[in-house]
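The values are calculated or read from the model by the stated rules, or taken from the named source; none is laboratory data. Everything numeric in this text was worked out from a predicted model, so none of it was measured. Please note: Cβ atoms are built from the backbone with ideal geometry, for glycine as well, and neighbour counts cover all protein chains shown. Surface accessibility is based on the protein's heavy atoms, side chains included, excluding ligands, DNA and RNA. Shrake-Rupley method; radii C 1.70, N 1.55, O 1.52, S 1.80 Å.
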Amino acid sequence: MKSLKTITFGIIAIVIMVGIFAFTIKDDRTIASERNYTIQQTWELPEILNEVSGIAWLQNGTIASVQDENGIIYIYDLKQSKIIEEIEFAGEGDYEGITIHQNDAYVLRSDGTIYEISNFRTSNRSIESFDTDFSAKNNMESLTFNSQTNSLIIAPKDRDKTDDFKGLYEIPLKSRSMNASPSIKINMNDEAFKGFKDKKIYKTFSPSDIAIHPITGDYYVLEGKNPKLIILKADGTVKTVHELDEKKFSQPEGLTFSPDGTLYISNEYGDAAANILKVKFKS
């Protein structure tokens, strides 16, 4: 009987030690992840932007943004910490991505429709829309502009044409017709995603927005569901995967760069208010 008690206590002690060890490893991993970036400044957004999704840099410290429910572009001034202009372009809908090219704004709806708002900040603006090869089942959220090819770039959040990759697809502005093949494939089986693999392989990484670094040309692709940011070389090679702290990044849905390479990430509201964060990643 005494021997049985000794064995029982021994087993309990081992279980406790394993639990403490596992917790310590998890905590160390989180701390190591946090050291990859610094949040340099935070802007708490007004309630109307609780569902903020895509953002795009304009000029003089202003950012264009859209949200999940209304066809309105909100111009937010970082210096004044407030919305200074609202531009209506469509009715209610799930608007997820925005990018700017010269005087024109492009907004992506989750069903793959893109709105072109020409001269969007003037009184004589015009609005047109066109379809892509994707639909609501692909859950489209990511949109940016590639100045090198004069093309828009989109990516599906959920399933692509096959489950083992998420493609970045170009839409030349001249044709407004999406290229059939992606210019870049994010391989769900890439070694960089080893720690993030899902049973359903296409859920391993779910893009919520894209931006191209104005100096390096690297592609920054954000995920909001399980907050992380991947950095790709121009040829699509994964350079880095950054895990983001869910306490600070409640649901990262948008990102953009200022011309000097400063990165801004927007978050929908969660435990905290919706916000825009100025973030610096270590090399």
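Quick check on the chain: helices-only [θ] at 222 nm, where DSSP H runs of length 4 and up contribute -39,500 (n - 2.57) each and the sum goes over total residues. Nearest 500, please.
Taken over the chain, the calculation gives -4000 deg cm²/dmol.
Given Cβ point charges of +1 (Lys, Arg) and -1 (Asp, Glu) and nothing else, what value in debye, to the nearest 20, does the dipole of the chain about its Cα centre take?
Here the chain has a charge dipole of around 1380 debye.
Please work out the average accessible area per residue across the chain, using the 1.4 Å probe convention, and give it in Å².
The answer is 51 Å² per residue.
Per residue, how big is the convex hull of segment 122-231 when only Cα atoms are used? Give it in Å³.
Spread over its residues, the Cα hull of segment 122-231 gives 133 Å³ apiece.
Taking the chain as the reference, fit the longest principal axis to its C-alpha atoms, fit the long axis of helix 2-34 to the helix C-alpha atoms, and give the angle between the two in degrees, 0 to 90, nearest 10.
With both axes taken from Cα atoms, the answer is about 20 degrees.
With the dipole of the chain worked out from charges on the C-beta (+1 for Lys and Arg, -1 for Asp and Glu) around the Cα centre, which of 38, 132, 189 lies farthest toward the positive end?
So the residue we want is 189.
Using DSSP to define loop residues, name the trypsin sites (Lys or Arg not before Pro) in segment 191-251 whose beta-carbon has at most 14 other beta-carbon atoms within 10 Å.
Within segment 191-251, the qualifying trypsin sites (Lys or Arg not before Pro) (loop, at most 14 other Cβ atoms within 10 Å) are 197, 199, 200, 225, 233, 247.
With the alpha-carbon atoms as the only input, what is the per residue convex hull volume for segment 191-283 in Å³? Don't jump to the answer; show the numbers that get you there.
Working: hull volume 9.2 nm³, N = 93.
About 99 Å³ per residue, rounded to a whole number.
Where does each of 269-277, 125-133, 155-163 land if you order them by average Cβ count within 10 Å, highest first?
155-163, 269-277, 125-133
Just need the relative contact order of the chain here, percent rounded to a whole number, with Cα pairs under 8 Å and 6+ apart.
16 percent
Using the scaling law 2.2 N^0.38 Å as the reference, what is the normalised Cα Rg of the chain?
1.14
Toward the positive end of the charge dipole of the chain, about the Cα centre and with charges on Cβ (Lys, Arg +1; Asp, Glu -1), which of 119, 162, 264 goes farthest?
Farthest towards the positive pole: 162.
In µm²/s, what is D for segment 46-174 at 25 °C and 0.890 mPa s, where D = kT/(6 pi eta Rh) by Stokes-Einstein and Rh is the Kirkwood radius from Cα pairs?
It diffuses with D of about 164 µm²/s by this estimate.
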